[in-house]
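See structure below.
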Amino acid sequence: MGDTFFKWDKERLTTHVDAMDNEHKKLIDIMNRLYERHEAKATKNELGSIVRDLVSWTVTHFDHEEKFFDTLDYSQASVHKKIHKDLIQRLKDHGAEFEKTGQLTPAFFQFLKTWLTAHIMGIDTKYGVIASQKAS
Ligand SMILES: [Fe+2]
Ligand SMILES: [Fe+2]
């Protein structure tokens with residue numbers, strides 16, 4: 001079996017909001033499971049059910065996140081929601097592609113990785129800063 005797809009890295013990925021960090025860890029767990037089962041050449045059925053888990057958990061997470069940052073004085077809220085919408089759309093497009101071809105492409109995994117690094121590190125950490133200021 002290959003390397004773990006993605007490792008939680010507190011230093012780089014923490015938002016300093018425990019509830020959101022825990023949700024991000026759960027997202028990463030699902031992505032890792034998908035990658036691992038893909039590497040193990042699991043059936044389309046099995047992979048498809050993990051992809052559907054990933055989509056539904058992402059929708060749930062974004063919803064929780066938006067409800068949370070709406071409680072803060074967070075000026076980027078609407079931009080952040082727009083980014084979530086785009087991510088969901090792209091994730092669903094990849095999912096639909098998989099349903100058609102039965103293949104999980106390198107581009108799909110690259111998308112997941114970019115999302116984790118760019119979105120969590122670059123965008124989610126911003127509401128984290130505001131939440132920490134509010135708490136202190
Ligand atoms: Fe986000
Ligand atoms: Fe997030």
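The values are calculated or read from the model by the stated rules, or taken from the named source; none is laboratory data. Every value quoted in this text rests on a predicted model; they were computed, and no experiment measured them. Cβ sites come from the backbone with ideal geometry, for glycine too, and all protein chains shown count toward neighbours. All accessible areas refer to the heavy atoms of the entire protein, side chains included, with ligands and DNA or RNA removed. Shrake-Rupley method; radii C 1.70, N 1.55, O 1.52, S 1.80 Å.
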Equivalent-ellipsoid semi-axes of the stretch 1-117, from the Cα gyration tensor, Å, largest first:
26, 17, 11
What aspartates and glutamates does K10 reach when the alpha-carbon gap must be under 17 Å and sequence neighbours fewer than 8 apart in one chain are set aside?
D18, D21, E23, D29, D124
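Apply the membrane-span-like helix rule to the chain: whole DSSP H runs, Cα extent along the own long axis of at least 30 Å, mean Kyte-Doolittle hydropathy at least -1.0. List the helices found. Could you put the intermediate results ahead of the total?
Numbers: long enough: 18-39 (31 Å, -1.38); 44-69 (37 Å, -0.42); 77-101 (36 Å, -1.03).
TM-like helix candidates: 44-69.
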Can you pull the one-decimal nm distance between simple spin-label points at E36 and D9, each 7 Å off the Cα toward Cβ?
2.1
Cross-link candidates for K7: which lysines have Cα within less than 20 Å, leaving aside residues fewer than 8 places away along the same chain?
K25, K26, K113
So if we plug the beta-carbon distance of Q103 and D70 into 1/(1 + (r/R0)^6) with R0 = 35 Å, what FRET efficiency do we get, rounded to 0.05?
0.35
Once ligands and nucleic acids are excluded and a 1.4 Å probe is used, how much of E97 is accessible, expressed in Å² to the nearest 10?
90
Averaged per residue, the 1.4 Å probe accessible area of the chain, protein heavy atoms only, in Å², is roughly 57
Give, rounded to the nearest 20 debye, the magnitude of the charge dipole that the stretch 18-135 has about its Cα centre when Lys and Arg contribute +1 at Cβ and Asp and Glu contribute -1 at Cβ.
280
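What's the carbon and sulfur percent of the chain's accessible surface, probe 1.4 angstrom, rounded to a whole number? Provide the component values of the computation, followed by the final result.
Values: 3990 of 7780 Å².
About 51 percent, which is the carbon plus sulfur part of the accessible surface.
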Loop-only trypsin sites (Lys or Arg not before Pro) in the stretch 24-127, please: DSSP not H, G, I, E or B, and at most 10 other Cβ atoms within 10 Å.
K41
